[in-house]
1. Quote to one decimal, in nm, the extra length available between residue 63 and residue 490 on full extension: 0.36 nm per residue of separation minus the C-alpha distance between them.
2. Just grab the label-to-label distance for residue 111 and residue 145, each label 7 Å out from Cα along the Cβ direction, in nm (one decimal).
3. When ranked by the protection proxy of mean other Cβ atoms within 10 Å per residue, highest first, what sequence do the peptides 427-436, 558-567 form?
4. Rounded, prolate or oblate: which fits the stretch 1-59, taking a ≥ b ≥ c as square roots of the Cα gyration tensor eigenvalues, rounded meaning a/c under 1.5, else prolate when a/b beats b/c?
5. Mind giving me the nanometre distance, one decimal, between the label points for residue 100 and residue 581, set 7 Å out from Cα along Cα→Cβ?
6. Once the Cα atoms of helix 84-103 and of the chain are each reduced to a long axis, what angle between those two axes, in degrees from 0 to 90 to the nearest 10, is obtained?
7. What ranking of 543, 249, 124 emerges when the number of other C-beta atoms within 10 Å of each C-beta is taken as an exposure proxy, fewest first?
8. Place the peptides 445-453, 547-555 in order of packing, highest mean first, counting for every residue the other Cβ atoms within 10 Å and averaging per peptide.
Ligand code: FAD
């Protein structure tokens, strides 16, 4: 048996971004002894990079806003594929979560009369994003960390130990969820610095590991986004929902190559920035789809008037949902009207005085000055689509955040599916983290409390298997010659990213996705031979070799689901099926591991590791449907749904 450090907790939260920390705070406040594990340093989660703001219908800037309007916008943005109950809870609870942050010490930007200021963003009818300049995520994480410390200080007073009820394990990677029969019994992981293995035993595990962007070559995501939580859930037997929906943010940097993909926040457009092609044309007016025609301005004059008088003018088409803007930019570049480095121009310099730009968009000013030597107060930025967010994720119960089919497993944040349907609106992630992070922590604590006297048993053979799996990259040198030579994990990663970018990217074609699946099968076989030299003390090559399993699993889910869905909707665009098809409106695609035992085998090299099933979504509750005009519903819902 492997000798590993073992500890007992009530709730283990994997991930210390906004969702993980909010879950941990809630679980601890509800009496559960809670451990939080994160891959990077505490505080360096993806959430910290969030720029534009948190969407919540507080109505501070326009009193017309309320949860019903936010719900409507979210459903429209997701093209009605959202798990509607999640969208309802999210819209209803987001304001309370933002006010709660304020009571915990968050310092938001203010309106003139002292309320939390809210800004415009794509797809939101009213100014709705509570923000701190363009560094909102930093303030969110700082506040949640401060709350964690405050709780630890309370615990110290009572128990003499700061970490008795809430402990953070930083720079640790979880590689397996352990199970006792069907239910969760804990997690297996390793410390990145020492390479030492550990097990945290717990009846409830919350997955809050964020997204999958590192499977794509051009991405706004950082090194941590390797789809670990998605893969952990799959391997534990939970299904992933609608993985074909990947958001390509319309505005990433395109130049210089070393920074390609880094995000240019949507606030630039929310605050007045416009998109132009190489002919100087504001091209977005040519790309307003029929479903949005009556909501967006038809002329530049009307669009510009909207910034001062939103009640009597329609919004600029630069603020269409992200999928629409990304496709439009892609089309302009393809038509030969792109910028010198393969993007388009995003201009604030002619729209706002320099000091306003520096005050409202300080990070963007510095980002372009330092990384591209571009002064955005004097010249336009060059921007193009970048892989940004995954709408697909672990299938969860809307109210409790419980993962389907695996008792004791919960999921919140970007790793959970359903909330955003086929396309997420900007700002709706930070609010999602808070609303469903809290719900996951609450229900995980409740679940663990109910099992306090009958805790699940951790199976030593699972620990041994997980340790052997983690050590395999060190023994690749000793493989049978027939297996082929050891493979370099960095080369495999690059090939994977190129494959996903080129063949399952922003515009998809059947033959390319089939080719991608063949390439993924080849990479999977080669990844079994991913070899590393040296030892377990901080060895990034080894870490990447382990992350490859997750990226390959998740990429296969994306490619299989994208091939199956023969329509274009939100973050899934098929060149061969360019229209949204109402008969797909109520269809969810679920990915499961083909080997339901969750075994450590790499799966059938030809058929792959993932099996796909279709499921009909639950009908939208009538009182929620009544929030929309019938003329609008006709554009989305199938005949039989309308009839019902
Ligand atoms: P994260 O914040 O990414 O946290 C994931 C955590 O999981 C990390 O602590 C990581 O270390 C840990 N982890 C991962 N794998 C493992 C493992 N195997 N073992 C242990 N720990 C693990 N959204 C908005 O709503 N508004 C915005 O303005 C906005 N701006 C953005 C700007 C940028 C540049 C980017 C990239 C995203 C932005 N988003 C925005 C999206 C939003 O930031 C993310 O969707 C959100 O922060 C995800 O939060 P999370 O808690 O789910 O995950």
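1. Difference between extended and current length: 148.5 nm.
2. The two pseudo-label positions are separated by 3.2 nm.
3. Order by mean packing, descending: 427-436, 558-567.
4. Oblate shape, in that a/c is at least 1.5 and b/c is the bigger or equal ratio.
5. 4.2
6. Rounded to the nearest ten degrees, it is 90.
7. Lowest to highest Cβ neighbour count: 543, 249, 124.
8. 547-555, 445-453
None of the figures in this text is laboratory data; all of them are computed from the coordinates on show. Here the structure is a predicted model, which is why all the values come from computation and not from measurement. No Cβ is skipped: glycine too gets one built from the backbone with ideal geometry, and neighbour counts run over all protein chains shown.
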